[in-house]
1. Out of all the residues in region 28-49, which are surrounded by 14 or more Cβ atoms within 10 Å (Cβ to Cβ), touching a Pro at 6+ places or on another chain (Cβ under 9 Å) and of a type outside the set (A, V, I, L, M)?
2. Can you pull out the residues in region 105-153 that are small (Gly, Ala, Ser), more than 17 Å from the chain's Cα centre (by Cα) and at pLDDT below 75?
3. Hey, which of the helices (runs of 4 or more DSSP H) in region 1-96, taking only ones fully inside, have at least 3 residues that are at pLDDT 75 or above and farther than 28 Å from residue 152 by Cβ?
Amino acid sequence: MKSHLLKTCKTKVLNFEELITLLTQIEACLNSRPLTPLSSDPKDLEVLTPGHFLVGPAPLTLQELNGSPVPTLLENWRAVQSLRDQFWTRWSKEYLVGLQQRSKWKKFKPNVQVGDLVLVSDDTQKSTWPLARVTKTFPGDDGVIRVVELKMQNGTFKRSIHKLCPLPSPPSGGGGC
């Protein structure tokens, strides 16, 4: 996190309020990232996040402000939003790459299964983690699944597995911590 923050802010001089605002927004991004599904129910898209350990249910992302009557405050706010977006772009790419962990055809990796909860790598919204449940798989002639059908909150879609990051499954069995 520190390296991404330093790369993002290396040429910027932030005052105390701007720095605190940026760090709070970065904290919300980091604490809302999905770790693992909360249940194996195919209809449940709830995931465990670091925020659950801090405050209980998943923290909400910070809402965008509509503006401020003072132009200098608005300009400062926009600058902080730009820094947050730059940080999000750098950090989320690294996080998603870590989840995907594809080795180049040298090791067998299990196919995505129906019912798996996945993150959809989508560049349309910053600071969000679009989740989906795999409802159908489409294996190729070689038996390797390259396309799946996903159930998301806003509908059902087909996606390439290259745009998906499977979340680690919760351990099976009733063992506690």
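The values are calculated or read from the model by the stated rules, or taken from the named source; none is laboratory data. Model, not experiment: these values are computed from the prediction. Positions of Cβ are backbone-derived with ideal geometry, glycine not excepted, and every protein chain shown enters the neighbour counts.
1. Listed by number, the residues that qualify are 31, 32, 33, 37, 46, 49.
2. Hits for region 105-153: nothing passes.
3. Helices (runs of 4 or more DSSP H) meeting the threshold: 2-9, 16-31.
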